[in-house]
Structures are given as C-alpha cells and as structure tokens.
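The values are calculated or read from the model by the stated rules, or taken from the named source; none is laboratory data. In this text the structure is predicted, and so the values were computed from the model without any measurement. Neighbour counts run over all protein chains shown; Cβ positions are idealised from the backbone, glycine included.
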Amino acid sequence: MAKASEIKVGNILRFNGELVSVTEVLHRTPGKGGAFYLDKFRNIKTGKIVEARLGTDEQVEICRVETNDFQYLYEDGDFMVIMDNVSFEQHTIPKALFGPAVKFLKEGMSVIVSFESEEPIMAQAPNFVELEITYTEPAVKGDTSSGALKLATTDNGIELRVPLFINQGDKIRVDTRTGEYTERVK
C-alpha cells in the first residue's frame, strides 16, 4: 500500500477492485480545508476514464506489473499462444488484449505483454509490420490523380487500400495502430 501523494503518472493501481493506469495527477491546496489530489485513471479492461479525489494520506494499492518481450507462436480459438524469449515458457492470452492490431500478427513476431500476478493485463503488437501483397488489381493507365488508392490483399488475408504503384508480390509496411499503408519495402 502507498499514499496518494506517492502516485505517479504511468503507475498501475487497483482502484475500487479494478486495474487502472494513472494518466494525470493534480495536487490542489484550496484556501479552506486540507490539500487533496485530483487524479485521472484509465480502466485497463474497459478503457473508461475515471476521475478520483484522494486525500494526501489516503491509501492506494500500487500493483507490480511485469512487462516483457514475447514471441507470438500461434492462434488458439479466442486466445493467442506466446513464448517467453528467455525461459521459453508458453502463455495463453486473450486476443482482445491486442485490440484491432491482432489481425496483423504473424507467427514468430515479437510482442510486448504485461502481467500482473500471472494474469495478462495488456498486450501490444509492433507499431509497424511488413506484409506481402498477394493480390491487387493492376493500375489503369492514365489514372494518376494524386492520392489515388486501390484495394489489395496481403499474405495474411487482410484487405487494405494502397497506392496505385503497388503490385502483386511487393512488400509493404503497415501501421498496426491505424491499419493504414505507410511505405513500400525494398
């Protein structure tokens, strides 16, 4: 247990029975009454923002979170199997922890997973992945307006919009946070 005055941005707390990440800490000293903290927390599971007013000596539970690099091995229903790169221990984590970036994962990729007392609480795919184009329509001659895009299918079955100069067999870099094409890889 720690005092509210010891909370820092980025800490993971157990607040009202839920795991939350501290996003903002404001110290207030009104003219009347004692000082207090106005804190903003983001619920790790739901993503909701929660505001709390804590007294300076109020007790909070700061959780011990271990974050490591893991290798993504394979998909198993609604779960992903990952392996610790040091101990080679395998863990099964829910797909939902990766959010929309889960569709970009390929076997053998490095991922970052955070555990709180043996329970996975956060997972992050790499910010950029390289994918190969398996199918796309050829560009039509004369259709060269700036910013023109066409549909393409990647080697893991994702359809996304790419510039006209991308052809079948090209490798592209995709931003997993937005799902958009960023550049062609040589």
- Give me a count of the residues in segment 153-175 that are outside any loop (DSSP other than H, G, I, E, B), more than 17 Å from residue 106 (Cβ to Cβ) and of a type outside the set (Lys, Arg). 2
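For segment 73-107, which residues satisfy the criterion of being assigned to a loop (DSSP other than H, G, I, E, B) and either surrounded by 13 or more Cβ atoms within 10 Å (Cβ to Cβ) or under 18 Å from the mean Cα position of the chain (by Cα) (or both)? Walk me through it before giving the result.
Of the residues in segment 73-107, the ones assigned to a loop (DSSP other than H, G, I, E, B) are 77-78, 85-89, 105-107.
Of everything in segment 73-107, those that are assigned to a loop (DSSP other than H, G, I, E, B) and either surrounded by 13 or more Cβ atoms within 10 Å (Cβ to Cβ) or under 18 Å from the mean Cα position of the chain (by Cα) (or both) turn out to be 78, 105, 106, 107.
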- Note on the structure: For residue 39, the lone unmet condition from (1) modelled with pLDDT of 90 or more; (2) surrounded by fewer than 16 Cβ atoms within 10 Å (Cβ to Cβ) is (2)
- Task: Being polar (S, T, N, Q) and assigned to a strand (DSSP E or B) is the filter; apply it to segment 1-42 and report the residue that is farthest from the chain's Cα centre (by Cα).
- Result: 23
- Please enumerate the residues belonging to segment 122-133 that are among the hydrophobic types (A, V, I, L, M, F, W, C) and within 11 Å of the chain's Cα centre (by Cα). 122, 123, 125
- Item | Residue satisfying all of: in segment 50-70; under 17 Å from the mean Cα position of the chain (by Cα) and within 16 Å of residue 12 (Cβ to Cβ); surrounded by the most Cβ atoms within 10 Å (Cβ to Cβ) among these | 65
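Please pick out the residue among 182, 178 that is of a type in the set (S, T, N, Q), assigned to a strand (DSSP E or B) and without any contact (Cβ under 8 Å) to a residue 60 or more places away in the chain.
Residue meeting the stated conditions: 182.
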